[in-house]
Amino acid sequence: VTVPGTSAAELARQHAAGTTPPGKTVEQAFARAAEVDAGPSGLNAILWHDREAALGAATEIVELARQGNRPGPLAGVPVVVKDNIATLTMPTTCGSRILEGYVSPFESTVVTRLRTAGAIIIGKTNMDEFAMGSSTENSAYGPTRNPLDPTRVPGGSSGGSAACVAAGIVRVALGSETGGSVRQPAAFCGIVGVKPTYGRVSRYGLVAFASSLDQVGVFGRTVEDAAIGLGAIAGRDRYDSTSADAAVDDYVATASDSLRGVVIGRPREYFPDSLDARIRERCDAALEKLGELGATVRDVSLPHTDLAIPTYYIIAPAEASSNLARFDGVRYGMRAKATALREMYADTRSHGFGREVTRRILLGTYVLSAGYYDAYYKKAQEVRALIANDFRNVFDRGVDVLFTPTAPTPAFPIGAKADPYEMYLSDIFTATANLAGIPALSLPIGRVDGLPVGGQVMGRHFAEAALFRVAFAIERALGEAAHR
Ligand code: GLN
């Protein structure tokens, strides 16, 4: 894999200065995509693209600069977005047959904000259908391959976006998170992925999976790329009443050589005896570096961690069963040919949804049904509060951030996890942050058998700046060792 050495910030500077035409950068991104993504042995990371619109946007950036407008932080920088984020000139299918050919009549706030920052949206990326999965194998449009080893998965559900960054097509990409779908593929592909605090980023135009857990996330080749991407999309949006009015920090400015005064918690539940010793060793090496930079590392406990997966797999399907009720053949996308209305609903949904989505709808409908609601859904909500409380307790006792592995294993081979429950366990270290609503970031901390390992930094609500500060420090301290 050859990765272009020019950061998003440097690209934007060159475009603003007129030393590189944005059109050339866009052409390079498409050329790289043609080289690695297309064809039978390609990555299959990009589902839809719009070359004309991208080149038109590049011309517009040049024109705006000529008129004396201040260039945005992503001026002329090519970006790809996951296919569950609404765009105007390309389809938004959520990797599903049921939305084949569907083009949204409105644009998501995150895409509008990226464009305002100068970014050029070049394509929509492959994903597990409706973001349900951890491998990008559950796409109606075929699996995405991992650019570092094409026999392996890129992780999921935002695997297409992660693969585009890792393969050097773009420096910044958007994904979405419900239980780890940005952090886990970032870890599997050796790049940076950040899930913001619930409410930090608008969900307007993000197709809902589990609304109380969903959040748009950002991939970057480096911590700085991700910091610029998040800065561009963060902040209150009047179209999403769950978006928060919290001040957005300058995440790039958090980079510092010292971590003096920072307390880092190492939660013992994220380092079980069963953890791959080489992953533990990479994490401990990163923690040691943090100590050398002046941080205090403290052992802590988050006792309800082992309940996260069962809790998540009640709450997420419950919300999904409700959110996905709208795909009925009447309002969006595909419609089965049937004369009777009930038959049309049933045929559309039976043929339009894949196996995993169907499984989740059935599971979610079951846990919400009369007689089971109290036993499952209500109980899960109570356990969710306990998990959130675990985090509150450690943060209240002076711990600034937590450091853990992102995933229990490196990227696994395509087809290796046929049992859904085994697949669900991929999110064992990430789903907790979604349940608690806290921000979390994954970054590369080394390799095992040539495959990337991700380290996870988690923090208090709206403390993304603290995550970036620590992530910048780890990235700088590890240097090339993060990719060896
Ligand atoms: N792998 C988890 C799931 O299948 C999380 C997916 C996500 O974060 N969107 O639900």
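From most to least packed by mean Cβ count within 10 Å, the peptides 51-60, 176-185, 141-150 give 176-185, 141-150, 51-60.
In plain terms, the residue of Val248, Val394, Val79 with the fewest other Cβ atoms within 10 Å comes first and the most crowded comes last, giving Val248, Val394, Val79.
Excluding Glu60 itself, calculate the net charge of residues whose Cβ lies under 13 Å from the Cβ of Glu60, where each Lys or Arg counts +1 and each Asp or Glu counts -1. Around Glu60, the charge tally is 0. Converting phi to 3J(HN,Hα) with the Karplus coefficients 6.51, -1.76 and 1.60 and the offset θ = phi - 60°, the range 368-376 yields 9, 6, 4, x, 10, 3, 5, 5, 10 Hz in sequence order, with x at every glycine or proline. Here the spin labels are modelled as points 7 Å beyond Cα on the Cα-Cβ line, and at Thr365 and Asp257 they lie 6.2 nm apart. Among Thr242, Ala463, Ala29, whose Cα lies farthest out toward the positive end of the dipole of the chain, if unit charges sit on the beta carbon of Lys, Arg (+1) and Asp, Glu (-1)? Value computed over the given set: Thr242. Phi angles of the range 314-326 translate, via the Karplus equation with coefficients 6.51, -1.76, 1.60 and θ = phi - 60°, into HN-Hα couplings of 9, 5, 4, x, 4, 5, 5, 4, 6, 4, 7, 5, 6 Hz per residue; Gly and Pro are given as x.
For Val297, the residues whose amide H sits under 5 Å from its own are Ile264, ignoring neighbours fewer than 5 places away on the same chain, with H placed 1.01 Å from N.
Listed by Cβ neighbour count within 10 Å, with the fewest neighbours leading, Met132, Met423 appear as Met423, Met132.
For the peptides 280-288, 325-333, 366-374, residues were scored by their other Cβ atoms within 10 Å and the scores averaged per peptide; the highest-first order is 280-288, 325-333, 366-374.
By the count of other C-beta atoms within 10 Å, a proxy for reagent exposure, Lys379, Lys289 are ordered fewest to most as Lys379, Lys289. Taking a ≥ b ≥ c as the square roots of the Cα gyration tensor eigenvalues, the range 397-484 comes out oblate, since a/c reaches at least 1.5 and a/b does not exceed b/c. Spin-label pair Arg66-Thr296: with each label point 7 Å from Cα along the Cα-Cβ axis, the two points sit 5.9 nm from one another. Of the peptides 7-17, 381-391, the order by per-residue mean of other Cβ atoms within 10 Å, starting with the highest, comes out as 7-17, 381-391. The helix-only estimate of mean residue ellipticity at 222 nm for the chain, built from DSSP H runs of length n ≥ 4 each weighted as -39500 (n - 2.57), is -11500 deg cm²/dmol after division by the residue total. A Cβ-based charge dipole, computed about the Cα centre of the chain with Lys and Arg at +1 and Asp and Glu at -1, lands at about 460 debye.
Taking the inverse of the average 1/r across all pairs of different Cα atoms in the range 441-484, what Kirkwood radius in Å do you get? In the range 441-484 this quantity evaluates to 10.9 Å.
Listed values for the range 336-343 are Karplus-derived 3J(HN,Hα) couplings in whole Hz (6.51 cos²θ - 1.76 cosθ + 1.60, θ = phi - 60°), namely 6, 7, 7, 8, 8, 4, 4, 5, and x replaces Gly and Pro.
Put a plus charge on the Cβ of each Lys and Arg, a minus charge on the Cβ of each Asp and Glu, and nothing anywhere else: the dipole of the range 205-265 about its Cα centre is then about 80 debye. Between amide H atoms placed 1.01 Å from N, distances below 5 Å from Asp83 occur with Thr125, all of them 5 or more places distant or on a separate chain.
The numbers here are math on the coordinates, done by the rules we state, and not lab data. A quick note: this is a predicted structure, and the numbers were derived from the prediction, not measured. Virtual Cβ from ideal backbone geometry, glycine too; neighbours counted across all protein chains shown.
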